[in-house]
Amino acid sequence: MTQEQCTHRNNVQSSEKPHVYKVGIYGWRKRCLYFFVLLLMILILVNLALTVWILKVMNFTIDGMGHLRITEKGLKLEGDSEFLQPLYAKEIQSRHGSPLFLQSSKNVSVNILNGKNQLVTQLIAGSSGVRAQGKLFEVKSSSGKLLFSADDQEVVVGAERLRVTGAEGAVFSNSVETPHVRAEPFKELRLESPTRSLYMEAPKGIQILAEAGDIQATCRSDLRLESKDGEITLDAQKIKLLHLPEGKASPSGTTTRQTVYEVCICPNGKLFLSQTGTGSTCQISNNVCL
């Protein structure tokens, strides 16, 4: 290349101005960016205000929230509380000196599960009543004395007295074992089996005592008094045998009407009355024994 050409090229390059390239966001893009930044700041302020308002309304503190306090022993809840889902807790107790109320619109259920997650004990208090399910049910006094116990084998009443105040008394479908049956003062005691038999058994004896009243035994068929190894004693100032049949004397006997009778016994043990005479008339009037 000649010297003139180089000089001409340098002159051309020196005559051209340098180009400047601007870097950044201009125009409508810049305005949109500022708008979104402003909107984000507004949302942050609103969110912060809502957070402060929620903390104020819910009464969030270091110890807990509202009426709920976190203590070393667990959670402490003051006032009325409503649980929409099941509550699992090891122990629930009221504040010292205050009662504990459990309220539900349908029922309150207490379920006890074993290690296999099987139901073993259940207590349900509902609108129809209280129902308990378990292997054993016990009621004890404040001193620890057993008052009532029930299981699959037996029902035990540990109180000194069992009192039944119903108008129809107590109904037992099976046997009853007790050392003493007594009515209330000035009340009658009635032992009744409307459709079956009534048995009273004791190895050492049965005593029926009415200190200020009568003892009445009524049956539709036969009333039987039997002593296998002893005797039957009727000890009273007066013994009345009502509605005994009257034997009729044979025509050859006396026809005089008597008002005094003698009690006669048939070989089969049947009793009947016979008019007295100069001697015994049981043989004459033994037609009742036939």
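A few comments on the model shown:
- Cβ-Cβ under 9 Å pairs, at least 6 apart or on other chains, segment 261-290 side within 18 Å of His243 (Cα to Cα) and part of a strand (DSSP E or B), far side open to solvent by 60 Å² or more (accessible area, probe 1.4 Å) and among the small types (Gly, Ala, Ser): Glu262/Ser280; Cys264/Ser280; Ser274/Ser280
Residue by residue, here is whether (1) in contact with a Ser or Thr (Cβ under 9 Å, 6 or more places away or on another chain); (2) closer than 30 Å to Lys204 by Cβ; (3) modelled with pLDDT of 80 or more holds:
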site	(1), (2), (3)
Asp222	no, yes, no
Ile232	no, yes, yes
Lys240	no, no, yes
Ala249	yes, no, no
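- Those residues of segment 132-157 which are open to solvent by less than 60 Å² (accessible area, probe 1.4 Å) and small (Gly, Ala, Ser), in sequence order: Gly134, Ser141, Gly144, Ser149, Ala150
Rundown of residues vs (1) within 30 Å of Val139 (Cβ to Cβ); (2) surrounded by 10 or more Cβ atoms within 10 Å (Cβ to Cβ), yes/no style:
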{"residue": "Gly166", "(1), (2)": "yes, no"}
{"residue": "Leu189", "(1), (2)": "yes, yes"}
{"residue": "Leu198", "(1), (2)": "no, no"}
{"residue": "Pro203", "(1), (2)": "no, no"}
{"residue": "Ile206", "(1), (2)": "no, no"}
{"residue": "Thr218", "(1), (2)": "no, no"}
{"residue": "Leu223", "(1), (2)": "no, no"}
{"residue": "Asp229", "(1), (2)": "no, no"}
{"residue": "Ala236", "(1), (2)": "no, no"}
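- Residue selection: Gly115 satisfies the criterion of being farther than 30 Å from Lys228 by Cα, in a loop (DSSP other than H, G, I, E, B) and open to solvent by less than 100 Å² (accessible area, probe 1.4 Å).
- Residues that are assigned to a loop (DSSP other than H, G, I, E, B) and closer than 21 Å to Ser193 by Cβ, drawn from segment 139-173: Leu162, Val164, Gly166, Ala167, Glu168, Gly169, Ala170, Val171, Phe172, Ser173
- When Leu45 is tested against (1) open to solvent by less than 70 Å² (accessible area, probe 1.4 Å); (2) modelled with pLDDT of 80 or more; (3) farther than 25 Å from Arg131 by Cβ, only condition (1) is not met.
- Being free of Cβ contacts under 8 Å to residues at least 12 places away in the same chain, part of a loop (DSSP other than H, G, I, E, B) and either among the aliphatic types (A, V, I, L, M) or farther than 30 Å from Lys135 by Cβ (or both) is a description that applies to Ser98.
- Of all residues in segment 18-33 being in a loop (DSSP other than H, G, I, E, B) and open to solvent by less than 100 Å² (accessible area, probe 1.4 Å), the one that is modelled with the lowest pLDDT: Gly24
- Qualifying residue in segment 124-131 (condition: touching a Lys or Arg at 6+ places or on another chain (Cβ under 6 Å), surrounded by 12 or more Cβ atoms within 10 Å (Cβ to Cβ) and not in a loop (DSSP other than H, G, I, E, B)): yes
- Positions within segment 52-95 being part of a strand (DSSP E or B) and in contact (Cβ under 8 Å) with a residue 12 or more places away in the chain, in sequence order: Gly64, Lys76
- Residues of segment 169-187 satisfying the condition of being closer than 21 Å to Val155 by Cα and open to solvent by 100 Å² or more (accessible area, probe 1.4 Å): Val171, Phe172, Ser173, Asn174, Ser175, Glu177, Pro179, His180, Arg182
- Lys76 vs. criteria more than 28 Å from Ala183 (Cα to Cα), of a type in the set (D, E, K, R) and open to solvent by 80 Å² or more (accessible area, probe 1.4 Å): yes
- Test: residue in segment 53-63 that is of a type in the set (D, E, K, R), surrounded by fewer than 10 Cβ atoms within 10 Å (Cβ to Cβ) and either modelled with pLDDT of 75 or more or outside the structural domain of Ile112 (by the TED database) (or both): yes
- Failed condition for Val108, given (1) open to solvent by 60 Å² or more (accessible area, probe 1.4 Å); (2) closer than 20 Å to Pro86 by Cα; (3) in a strand (DSSP E or B): (1)
The values are calculated or read from the model by the stated rules, or taken from the named source; none is laboratory data. None of these values were measured; they are calculated from a predicted model. Heads up, the Cβs are rebuilt from the backbone with ideal geometry, glycines too, and the neighbour counts pull from every protein chain shown. These accessible areas exclude ligands, DNA and RNA; they are computed on the full protein's heavy atoms, side chains included. Shrake-Rupley method; radii C 1.70, N 1.55, O 1.52, S 1.80 Å.
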